[in-house]
Amino acid sequence: VSGVTEPMRVLVTGGSGLVGKAIEHVVKQEGGCLEGEQWTFLSSKEANLVDLQQTRAVFEKYRPTHVIHLAAKVGGLYLHMKENLHFLRDNLRINDNVLQTSHERGVTKVVSCLSSCIFPDKTTYPIDESMIHNGPPHDSNFGYSHAKRMIDIQNRGYFAQHGRRYTAVIPTNVYGPYDNFNFENGHVLSALMHKTYAAKKEGTPLQVWGSGTPRRQFIYSLDVARLFLWVLREYDEIDPIILSVGEEEELPIKDAVEMIADALDFKGQIVFDTSKSDGQMKKTASNAKLRRYLPDFTFTPLSEGIKKTCDWFVNNYDIART
């Protein structure tokens, strides 16, 4: 950027969640904050972004020049299946409030977070950024997925009509400290960490839902955070970018379970309950676009990230979302 620019004032919505906490760590502990910058990590306690007045008030208060938009209304699989309309409407409102208020207040750049569950259900692999709208998403959470897809459409609109550089990232399966470790509606790795921890404490076998054969790409939350900062500062496209490890890193849940057992020193029996559904067998995403920009970015190896997350969970059991 040429000339002298004023320091950024960054507002992070969803600042108390998994990715928000990771960005906060990178900004405050890893020197991600530059001279004069102000970073505000917003939690839903401070403003309900479904409400336009509260959204405007919080923008008025912090006057951001840049926004990282992570806030979303999410629930477990079963809640999504039961209340798709509810998730559609709340997320459409949140996204419209944040993007439109950003535009009205002259925010330079917004980076929103999409989810890999928005990809078409019937697709060829690997999935890339050009394929998001190529067919309906998985039926289980169509409301949430369509609301997230609309962010991409709005970003195009704000650029076409107003020249705004608003964009989005699409991380694959994120895990790390501050995740939701709930058995029912936590992310797969975090729920398994909690289950393994409990099985070890109670001396019972570890019950894993499904066969353990579905494959996933897992990305450590701090890696996502570092990439978010790069997108905020350097990435100029409106089109979204997938944040993921390579296709060759996609691995069976079973392998991840073994890494978790190792990390928590669980010596008991591991039982795969095949009466439970496996979900999609794979969701392979391509990180070719990311690699074109950042050929040398090093991802935290899964076993190392799992170990760090398990250690965090054990040490922070009382504050973890369980």
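In terms of the Cα gyration tensor, with a ≥ b ≥ c the square roots of its eigenvalues, is region 118-183 rounded because a/c is under 1.5, prolate because a/b exceeds b/c, or oblate? It comes out oblate by the Cα gyration axes. Note on E6 and Y78: the extension gain reaches 21.3 nm, defined as 0.36 nm multiplied by sequence separation minus the Cα-Cα distance. In the full protein context, the chain carries 47 Å² of accessible surface per residue, based on a 1.4 Å probe and ignoring ligands, DNA and RNA. Comparing V271, V27, V67 in a Gaussian network model of the chain where C-alpha atoms under 10 Å apart are linked, the largest mean-square fluctuation is found at V271.
Rounded to the nearest 5, the antiparallel percentage of DSSP beta bridges internal to region 68-187 is 10%. Which value, in Å to one decimal place, does the Kirkwood hydrodynamic radius take for region 1-151 when every pair of different Cα atoms is included? Roughly 16.6 Å, rounded to one decimal. Of the solvent-accessible surface of region 2-154, computed with a 1.4 Å probe over protein heavy atoms with every protein chain present, carbon and sulfur atoms account for 52 percent.
With R₀ fixed at 25 Å, the C-beta to C-beta distance from Q161 to D128 puts the FRET efficiency at about 0.40. Restricting attention to the chain, close to 10% of DSSP beta bridges with both partner residues there are antiparallel. If you run the Gaussian network model on the chain, springs between alpha carbon atoms under 10 Å, then out of K308, K195, K45 the most flexible one is K45.
Modelled this way, with points 7 Å down the Cα-to-C-beta line, the labels at E104 and L52 are 0.7 nm from one another. Summarising the amide proton neighbourhood of L206: residues at separation of 5 or more, or on other chains, whose placed amide H is nearer than 5 Å comprise Q269, I270, V271.
The listed residues L251, L79 rank as L79, L251 when sorted by accessible area, largest first, using a 1.4 Å probe. Helix 84-104 axis versus longest C-alpha principal axis of the chain: approximately 30°, rounded to the nearest ten. Computed over the chain with a Gaussian network model linking Cα atoms closer than 10 Å, the most mobile of D239, D296, D51 is D296.
Summary of the geometry: region 122-167 and region 31-45, compared by the centres of their Cα atoms, lie 27 Å apart.
The values are calculated or read from the model by the stated rules, or taken from the named source; none is laboratory data. The structure displayed is predicted, hence computed values, not measured ones. Counting neighbours? That spans all protein chains shown, and the Cβs are built from the backbone with ideal geometry, glycine included. Only protein heavy atoms, including side chains, enter the accessible area calculation; ligands, DNA and RNA are left aside. Shrake-Rupley method; radii C 1.70, N 1.55, O 1.52, S 1.80 Å.
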